[in-house]
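Notes to accompany the following structure.
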Amino acid sequence: DEVIGRCPPSYADVAVEKLAIAAVMAGCTPEMFRIVVAAARAMLSPEFNIHGVHATTMGATPVVVVNGECRHAAKVNFKHAPCGSGSRSTSIGRALKLLIQNVGRARLAGTESTTIGTPTKFGMCFAEWEERASMWEPLAVASGAARRDEDAVTVFAVTSGPVQLWDHDATPSELLDRLARIMAVAYAAHIPFVNHALLVVSPEHYDTLIKAGMHSKADLARELWLRTARLMLPQCSTVVQVLGRSKFPSVPGLVWRVAGAVASLAVRIAASLGAPVAAALPKFSSPDSFKIVVAGGDGGKFSSFLPSFGVGKPGMPTHALSTPVTRPVEPPPPALAV
(Lines give C-alpha, C1' and ligand atoms only; values in the text may rest on other atoms or scores of the structure.)
Protein backbone atom coordinates (compact mmCIF):
# COMPACT_ATOMS: atom_id res chain seq x y z
CA ASP A 1 0.00 0.00 0.00
CA GLU A 2 3.03 2.33 -0.19
CA VAL A 3 2.17 5.59 -1.95
CA ILE A 4 4.96 6.99 -4.12
CA GLY A 5 3.24 10.20 -5.21
CA ARG A 6 0.12 11.79 -6.63
CA CYS A 7 -0.65 11.67 -10.34
CA PRO A 8 -2.21 14.62 -12.20
CA PRO A 9 -4.62 15.66 -13.45
CA SER A 10 -6.80 13.93 -10.85
CA TYR A 11 -3.96 13.97 -8.28
CA ALA A 12 -4.97 10.52 -7.13
CA ASP A 13 -2.55 8.67 -4.86
CA VAL A 14 -0.22 6.34 -6.73
CA ALA A 15 0.11 3.17 -4.69
CA VAL A 16 2.73 0.63 -5.70
CA GLU A 17 -0.12 -1.78 -6.42
CA LYS A 18 -1.63 0.59 -9.01
CA LEU A 19 1.75 1.09 -10.58
CA ALA A 20 2.22 -2.68 -10.77
CA ILE A 21 -1.10 -2.99 -12.60
CA ALA A 22 0.04 -0.39 -15.14
CA ALA A 23 3.36 -2.21 -15.57
CA VAL A 24 1.66 -5.57 -16.19
CA MET A 25 -0.75 -3.99 -18.70
CA ALA A 26 2.24 -2.43 -20.48
CA GLY A 27 4.03 -5.76 -20.76
CA CYS A 28 6.84 -5.19 -18.27
CA THR A 29 8.78 -8.13 -16.87
CA PRO A 30 9.30 -8.48 -13.09
CA GLU A 31 12.91 -7.36 -13.55
CA MET A 32 11.68 -4.12 -15.13
CA PHE A 33 9.37 -3.15 -12.29
CA ARG A 34 11.95 -1.51 -10.02
CA ILE A 35 12.91 0.67 -12.99
CA VAL A 36 9.25 1.56 -13.46
CA VAL A 37 9.01 2.57 -9.78
CA ALA A 38 12.08 4.81 -10.03
CA ALA A 39 10.83 6.36 -13.27
CA ALA A 40 7.40 7.03 -11.74
CA ARG A 41 9.00 8.73 -8.72
CA ALA A 42 10.98 10.96 -11.09
CA MET A 43 7.96 11.73 -13.26
CA LEU A 44 5.78 12.64 -10.27
CA SER A 45 8.36 15.00 -8.75
CA PRO A 46 7.33 18.69 -8.70
CA GLU A 47 10.26 19.85 -10.85
CA PHE A 48 9.27 17.49 -13.65
CA ASN A 49 5.76 19.02 -13.73
CA ILE A 50 3.96 16.12 -15.38
CA HIS A 51 0.67 18.02 -15.25
CA GLY A 52 2.04 20.78 -17.49
CA VAL A 53 3.94 18.29 -19.62
CA HIS A 54 0.90 16.18 -20.38
CA ALA A 55 -1.55 19.07 -20.78
CA THR A 56 0.40 21.22 -23.25
CA THR A 57 -0.61 21.53 -26.88
CA MET A 58 3.07 20.94 -27.78
CA GLY A 59 2.68 17.21 -27.22
CA ALA A 60 5.37 16.88 -24.54
CA THR A 61 5.78 13.43 -23.01
CA PRO A 62 8.16 11.58 -20.64
CA VAL A 63 11.13 9.62 -22.02
CA VAL A 64 13.12 7.33 -19.71
CA VAL A 65 16.90 6.71 -19.91
CA VAL A 66 18.39 3.94 -17.77
CA ASN A 67 21.92 3.72 -16.35
CA GLY A 68 23.66 1.05 -14.28
CA GLU A 69 23.76 -2.73 -14.12
CA CYS A 70 19.96 -2.95 -13.96
CA ARG A 71 20.04 -2.38 -17.74
CA HIS A 72 21.29 -5.92 -18.20
CA ALA A 73 19.02 -7.66 -15.67
CA ALA A 74 15.93 -5.98 -17.14
CA LYS A 75 17.19 -6.32 -20.74
CA VAL A 76 16.68 -2.63 -21.44
CA ASN A 77 17.78 -1.94 -25.00
CA PHE A 78 20.81 0.22 -25.70
CA LYS A 79 21.90 -1.19 -29.05
CA HIS A 80 19.87 -1.46 -32.26
CA ALA A 81 16.93 0.96 -32.51
CA PRO A 82 16.94 2.22 -28.90
CA CYS A 83 14.46 4.97 -29.83
CA GLY A 84 12.40 2.69 -32.07
CA SER A 85 10.31 -0.46 -31.99
CA GLY A 86 11.27 -4.10 -31.67
CA SER A 87 12.32 -4.01 -28.03
CA ARG A 88 10.36 -4.71 -24.86
CA SER A 89 12.08 -1.70 -23.26
CA THR A 90 9.20 0.43 -24.53
CA SER A 91 7.01 -1.26 -21.90
CA ILE A 92 8.64 0.85 -19.18
CA GLY A 93 7.68 4.08 -20.92
CA ARG A 94 4.25 2.68 -21.72
CA ALA A 95 3.65 1.92 -18.03
CA LEU A 96 4.09 5.62 -17.21
CA LYS A 97 1.60 6.57 -19.90
CA LEU A 98 -0.97 4.07 -18.58
CA LEU A 99 -0.43 5.45 -15.07
CA ILE A 100 -1.27 8.96 -16.27
CA GLN A 101 -4.37 7.70 -18.09
CA ASN A 102 -5.76 5.16 -15.64
CA VAL A 103 -4.76 6.67 -12.29
CA GLY A 104 -4.33 10.31 -13.22
CA ARG A 105 -7.50 10.11 -15.38
CA ALA A 106 -5.96 12.10 -18.24
CA ARG A 107 -8.08 12.20 -21.39
CA LEU A 108 -7.11 13.17 -24.92
CA ALA A 109 -8.92 16.34 -26.05
CA GLY A 110 -9.76 16.88 -22.38
CA THR A 111 -6.86 17.37 -20.00
CA GLU A 112 -4.42 16.34 -22.73
CA SER A 113 -4.48 19.02 -25.42
CA THR A 114 -1.82 17.74 -27.83
CA THR A 115 -2.22 19.33 -31.26
CA ILE A 116 -0.16 16.89 -33.37
CA GLY A 117 1.81 14.55 -31.11
CA THR A 118 4.62 12.09 -31.82
CA PRO A 119 5.10 8.32 -31.45
CA THR A 120 6.97 9.01 -28.20
CA LYS A 121 3.53 9.66 -26.68
CA PHE A 122 2.98 5.90 -26.71
CA GLY A 123 5.97 5.45 -24.43
CA MET A 124 9.77 5.44 -24.79
CA CYS A 125 12.52 3.93 -22.68
CA PHE A 126 16.08 2.95 -23.54
CA ALA A 127 19.43 2.59 -21.82
CA GLU A 128 22.88 4.04 -22.36
CA TRP A 129 25.61 1.83 -23.81
CA GLU A 130 28.04 2.71 -21.05
CA GLU A 131 30.61 0.06 -21.92
CA ARG A 132 30.90 1.26 -25.53
CA ALA A 133 31.50 4.88 -24.48
CA SER A 134 33.95 4.19 -21.67
CA MET A 135 35.70 7.58 -21.96
CA TRP A 136 32.50 9.44 -21.14
CA GLU A 137 30.63 9.37 -17.85
CA PRO A 138 27.15 7.81 -17.96
CA LEU A 139 24.29 10.30 -17.97
CA ALA A 140 23.27 9.74 -14.33
CA VAL A 141 26.90 10.10 -13.20
CA ALA A 142 27.48 13.22 -15.28
CA SER A 143 24.43 14.84 -13.69
CA GLY A 144 25.88 14.20 -10.23
CA ALA A 145 22.93 12.04 -9.20
CA ALA A 146 24.62 8.64 -9.09
CA ARG A 147 27.94 6.82 -8.94
CA ARG A 148 29.15 4.47 -11.66
CA ASP A 149 28.22 1.46 -9.55
CA GLU A 150 24.65 2.67 -8.92
CA ASP A 151 21.46 2.10 -10.92
CA ALA A 152 19.49 5.18 -11.88
CA VAL A 153 16.86 6.48 -14.30
CA THR A 154 16.54 9.93 -15.82
CA VAL A 155 13.18 11.13 -17.09
CA PHE A 156 12.92 13.89 -19.71
CA ALA A 157 9.92 15.73 -21.08
CA VAL A 158 10.48 15.81 -24.84
CA THR A 159 8.37 17.82 -27.27
CA SER A 160 9.44 16.29 -30.57
CA GLY A 161 11.90 13.95 -32.22
CA PRO A 162 13.97 11.96 -32.39
CA VAL A 163 15.33 14.29 -35.08
CA GLN A 164 18.03 12.30 -36.87
CA LEU A 165 21.29 13.47 -38.38
CA TRP A 166 22.35 11.36 -41.35
CA ASP A 167 26.07 11.42 -41.98
CA HIS A 168 28.54 9.14 -43.74
CA ASP A 169 31.59 11.21 -44.60
CA ALA A 170 32.09 13.93 -41.99
CA THR A 171 35.48 14.74 -40.58
CA PRO A 172 35.54 15.19 -36.78
CA SER A 173 35.20 18.97 -37.13
CA GLU A 174 32.46 18.66 -39.75
CA LEU A 175 30.48 16.33 -37.50
CA LEU A 176 30.47 18.92 -34.73
CA ASP A 177 29.22 21.51 -37.20
CA ARG A 178 26.51 19.22 -38.58
CA LEU A 179 25.29 18.29 -35.09
CA ALA A 180 25.11 21.98 -34.19
CA ARG A 181 23.20 22.84 -37.36
CA ILE A 182 20.53 20.21 -36.86
CA MET A 183 20.10 21.10 -33.17
CA ALA A 184 19.88 24.81 -34.03
CA VAL A 185 16.38 24.26 -35.43
CA ALA A 186 14.99 23.09 -32.06
CA TYR A 187 11.51 24.62 -31.58
CA ALA A 188 12.22 27.01 -34.49
CA ALA A 189 15.42 28.47 -35.90
CA HIS A 190 14.77 31.91 -34.38
CA ILE A 191 13.93 30.77 -30.84
CA PRO A 192 16.79 31.19 -28.32
CA PHE A 193 17.31 29.88 -24.80
CA VAL A 194 15.94 26.37 -25.27
CA ASN A 195 16.38 24.95 -21.79
CA HIS A 196 17.30 21.30 -22.44
CA ALA A 197 17.86 18.76 -25.20
CA LEU A 198 18.50 15.03 -25.13
CA LEU A 199 21.22 14.06 -27.61
CA VAL A 200 21.56 10.38 -28.55
CA VAL A 201 25.02 9.79 -30.04
CA SER A 202 25.61 6.60 -32.03
CA PRO A 203 28.73 4.51 -31.35
CA GLU A 204 30.35 5.44 -34.66
CA HIS A 205 29.75 9.12 -34.01
CA TYR A 206 31.17 8.68 -30.52
CA ASP A 207 34.40 7.41 -32.09
CA THR A 208 34.50 10.39 -34.44
CA LEU A 209 33.85 12.87 -31.64
CA ILE A 210 36.69 11.41 -29.59
CA LYS A 211 38.94 12.14 -32.58
CA ALA A 212 37.60 15.71 -32.51
CA GLY A 213 38.95 16.09 -28.98
CA MET A 214 35.62 15.61 -27.24
CA HIS A 215 37.08 13.54 -24.40
CA SER A 216 34.10 14.14 -22.13
CA LYS A 217 30.43 14.96 -22.46
CA ALA A 218 31.22 18.37 -20.98
CA ASP A 219 33.64 19.01 -23.87
CA LEU A 220 30.94 18.15 -26.40
CA ALA A 221 28.29 20.19 -24.58
CA ARG A 222 30.49 23.31 -24.52
CA GLU A 223 31.34 22.97 -28.20
CA LEU A 224 27.71 22.45 -29.25
CA TRP A 225 26.55 25.35 -27.09
CA LEU A 226 29.06 27.70 -28.71
CA ARG A 227 28.38 26.53 -32.27
CA THR A 228 24.60 26.69 -31.92
CA ALA A 229 24.94 30.15 -30.35
CA ARG A 230 26.85 31.36 -33.41
CA LEU A 231 24.09 30.01 -35.62
CA MET A 232 21.64 32.30 -33.81
CA LEU A 233 23.39 35.45 -35.04
CA PRO A 234 21.62 35.52 -38.45
CA GLN A 235 18.31 35.16 -36.58
CA CYS A 236 18.78 38.39 -34.61
CA SER A 237 16.51 40.43 -36.90
CA THR A 238 13.69 37.88 -36.65
CA VAL A 239 14.03 37.67 -32.84
CA VAL A 240 13.71 41.46 -32.51
CA GLN A 241 10.65 41.54 -34.77
CA VAL A 242 8.89 38.66 -33.02
CA LEU A 243 9.53 40.07 -29.53
CA GLY A 244 8.54 43.57 -30.59
CA ARG A 245 5.26 42.52 -32.17
CA SER A 246 4.33 40.33 -29.19
CA LYS A 247 5.03 43.00 -26.56
CA PHE A 248 3.85 46.06 -28.50
CA PRO A 249 1.22 44.86 -31.00
CA SER A 250 -0.04 48.39 -31.71
CA VAL A 251 3.33 49.51 -33.12
CA PRO A 252 3.44 49.23 -36.94
CA GLY A 253 5.29 46.20 -38.26
CA LEU A 254 7.60 48.42 -40.32
CA VAL A 255 9.10 49.77 -37.11
CA TRP A 256 10.09 46.29 -35.97
CA ARG A 257 11.47 45.36 -39.38
CA VAL A 258 13.72 48.43 -39.28
CA ALA A 259 14.67 47.72 -35.66
CA GLY A 260 15.49 44.13 -36.59
CA ALA A 261 17.69 45.22 -39.49
CA VAL A 262 19.57 47.69 -37.29
CA ALA A 263 20.06 45.08 -34.57
CA SER A 264 21.31 42.56 -37.10
CA LEU A 265 23.82 45.05 -38.51
CA ALA A 266 25.05 45.95 -35.02
CA VAL A 267 25.52 42.29 -34.15
CA ARG A 268 27.50 41.61 -37.33
CA ILE A 269 29.77 44.59 -36.70
CA ALA A 270 30.32 43.59 -33.07
CA ALA A 271 31.07 39.99 -34.07
CA SER A 272 33.59 41.14 -36.69
CA LEU A 273 35.38 43.13 -33.98
CA GLY A 274 35.65 40.04 -31.80
CA ALA A 275 32.92 40.84 -29.27
CA PRO A 276 31.35 37.73 -27.66
CA VAL A 277 27.89 38.56 -29.01
CA ALA A 278 26.91 34.90 -29.51
CA ALA A 279 26.76 34.39 -25.75
CA ALA A 280 24.15 37.15 -25.43
CA LEU A 281 21.54 35.27 -27.46
CA PRO A 282 22.42 31.55 -27.38
CA LYS A 283 20.27 28.83 -28.87
CA PHE A 284 20.46 26.80 -25.66
CA SER A 285 20.50 28.24 -22.15
CA SER A 286 23.94 26.88 -21.22
CA PRO A 287 26.26 23.93 -21.89
CA ASP A 288 24.36 22.14 -19.11
CA SER A 289 21.32 22.15 -21.40
CA PHE A 290 22.75 19.21 -23.34
CA LYS A 291 21.96 15.80 -21.85
CA ILE A 292 24.06 13.35 -23.81
CA VAL A 293 23.82 9.55 -24.05
CA VAL A 294 25.53 6.99 -26.28
CA ALA A 295 23.24 4.31 -27.70
CA GLY A 296 22.48 2.56 -30.96
CA GLY A 297 23.75 -0.15 -33.25
CA ASP A 298 27.50 -0.42 -33.68
CA GLY A 299 27.22 0.25 -37.42
CA GLY A 300 25.82 3.46 -38.88
CA LYS A 301 26.75 7.13 -38.59
CA PHE A 302 23.53 8.53 -37.20
CA SER A 303 22.69 10.57 -34.11
CA SER A 304 19.41 12.08 -32.93
CA PHE A 305 18.15 14.74 -30.57
CA LEU A 306 14.91 15.46 -28.74
CA PRO A 307 14.23 18.99 -27.43
CA SER A 308 12.76 19.27 -23.96
CA PHE A 309 9.83 21.30 -22.61
CA GLY A 310 10.86 24.81 -21.60
CA VAL A 311 12.42 27.85 -23.22
CA GLY A 312 13.54 31.29 -22.09
CA LYS A 313 15.43 32.91 -19.23
CA PRO A 314 14.65 32.52 -15.51
CA GLY A 315 11.63 34.61 -14.63
CA MET A 316 9.94 34.09 -17.98
CA PRO A 317 6.67 32.11 -17.84
CA THR A 318 7.98 29.54 -20.32
CA HIS A 319 11.28 28.90 -18.53
CA ALA A 320 11.92 25.42 -17.07
CA LEU A 321 8.41 24.18 -17.68
CA SER A 322 9.93 20.77 -16.99
CA THR A 323 13.36 19.81 -15.65
CA PRO A 324 14.99 16.41 -16.30
CA VAL A 325 14.92 14.37 -13.10
CA THR A 326 17.22 11.50 -12.08
CA ARG A 327 16.27 9.01 -9.38
CA PRO A 328 18.03 5.91 -8.02
CA VAL A 329 16.73 2.45 -8.85
CA GLU A 330 16.29 0.40 -5.69
CA PRO A 331 18.09 -2.95 -5.43
CA PRO A 332 16.03 -5.98 -6.49
CA PRO A 333 14.16 -7.94 -3.83
CA PRO A 334 15.81 -11.21 -2.76
CA ALA A 335 13.48 -13.26 -4.96
CA LEU A 336 14.76 -11.47 -8.06
CA ALA A 337 18.36 -10.92 -7.04
CA VAL A 338 20.92 -12.77 -9.13
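The values are calculated or read from the model by the stated rules, or taken from the named source; none is laboratory data. Just so you know, these numbers come straight off a predicted model, no measurement behind them. Here the Cβ is made from the backbone with ideal geometry for all residues, glycine too, and neighbour counts use every protein chain on show. For the accessible areas, the whole protein counts, side chains as well, though only heavy atoms, and no ligand, DNA or RNA atoms are used. Shrake-Rupley method; radii C 1.70, N 1.55, O 1.52, S 1.80 Å.
Quick one: how many Å² of Arg245 are accessible to a 1.4 Å probe, rounded to 10?
Around 120 Å² of this residue is reachable by solvent.
Treating only the Cβ atoms of Lys and Arg (+1) and Asp and Glu (-1) as charged, compute the dipole magnitude of the range 218-257 about its Cα centre; round to the nearest 20 debye.
Approximately 180 debye in magnitude.
What full-extension length gain, to one decimal in nm, is calculated for Ala271 and Ile4 as 0.36 nm per residue of separation minus the Cα-Cα distance?
Roughly 91.0 nm would be gained on extension.
Which trypsin sites (Lys or Arg not before Pro) does the range 51-83 hold that lie in a coil by DSSP with at most 15 other beta carbons within 10 Å?
Of the trypsin sites (Lys or Arg not before Pro), the ones in loops of the range 51-83 whose Cβ has at most 15 other Cβ atoms within 10 Å are Lys75, Lys79.
Explain nothing, just the number: dipole magnitude of the chain about its Cα centre with +1 on each Lys and Arg Cβ and -1 on each Asp and Glu Cβ, in debye rounded to the nearest 20.
1160 debye
Please report, in whole Å³, the volume per residue of the convex hull around the C-alpha atoms of the range 24-64.
80 Å³
Considering only protein heavy atoms, what per residue accessible area in square angstrom results for the range 222-318 with a 1.4 angstrom probe?
Per-residue accessible area for the range 222-318 comes out at 51 Å².
If you wrap a convex hull around the C-alpha atoms of the range 205-262 and split its volume per residue, what is the figure in Å³?
Per residue, the Cα convex hull of the range 205-262 comes to 97 Å³.
Please build a GNM for the chain, connecting alpha carbons under 10 Å apart, and tell me which residue among Val63, Val242, Val37 fluctuates the most.
Evaluated over the chain, the most mobile residue of the options is Val242.
Rg(Cα) of the range 37-115 divided by 2.2 N^0.38 Å?
Expressed relative to 2.2 N^0.38 Å, the Cα Rg reads 1.19.
Relative to the longest principal axis of the C-alpha atoms of the chain, give the angle of the C-alpha long axis of helix 16-26, reported between 0 and 90° and rounded to the nearest 10°.
80 degrees
Calculated FRET efficiency, Ser286 and Phe248, Cβ-Cβ r, R0 30 Å, to nearest 0.05?
Once rounded, the FRET efficiency stands at 0.55.
Using only the alpha-carbon atoms, how far is helix 90-102 inclined from the longest principal axis of the chain? Give it as 0 to 90 degrees, nearest 10.
Value to nearest ten degrees: 90.
State the extension gain, in nm to one decimal, for the chain segment bounded by Val255 and Thr29, taking 0.36 nm per residue of separation less the distance between their alpha-carbons.
Extending this stretch completely gives an extra 75.2 nm.
With unit charges on the beta carbons (Lys and Arg positive, Asp and Glu negative) and the dipole taken about the Cα centre of the chain, which residue among His54, Gln235, Thr118 sits farthest to the positive side?
Gln235
May I have the convex hull volume per residue, in Å³, for the Cα set of the range 257-338?
Taking the convex hull of the Cα positions in the range 257-338, it is 216 Å³ per residue.
What is the total of Lys pairs in the range 180-338 with C-alpha atoms under 25 Å apart, excluding same-chain pairs fewer than 8 positions apart?
Counting lysine pairs in the range 180-338 gives 13.
To the nearest 500 deg cm²/dmol, what mean residue ellipticity at 222 nm is calculated for the chain from DSSP H runs of n ≥ 4 alone, each contributing -39,500 (n - 2.57), summed and divided by the residues?
Computed ellipticity for the chain at 222 nm equals -10500 deg cm²/dmol.
Could you check the spin-label model distance between Arg181 and Ser113? Points 7 Å from the Cα along Cα→Cβ, value in nm.
Computed distance between label sites Arg181 and Ser113 equals 3.7 nm.
Find the relative contact order for the range 151-229 and round it to a whole percent, using C-alpha pairs within less than 8 Å whose residues are 6+ positions apart.
Relative contact order for the range 151-229 comes out at 40 percent.
Taking all pairs of distinct Cα atoms, average 1/r, flip it, and tell me the Kirkwood hydrodynamic radius of the chain in Å to one decimal place.
After inverting the mean inverse Cα-Cα distance, the result is 20.9 Å.
Given Cβ point charges of +1 (Lys, Arg) and -1 (Asp, Glu) and nothing else, what value in debye, to the nearest 20, does the dipole of the range 154-283 about its Cα centre take?
660 debye
Return the percentage of antiparallel bridges among DSSP beta bridges fully within the chain, rounded to the nearest 5 %.
70 percent
Relative to the present Cα-Cα distance, how much length would full extension add between His215 and Asp13 at 0.36 nm per residue of separation?
Roughly 68.3 nm would be gained on extension.
Give a residue-ordered list of calculated ³J(HN,Hα) values for the range 186-199 (Karplus: 6.51 cos²θ - 1.76 cosθ + 1.60, θ = phi - 60°; whole Hz; x for Gly, Pro).
Along the range 186-199, the couplings run 3, 6, 6, 4, 8, 9, x, 6, 5, 6, 8, 8, 9, 10 Hz.
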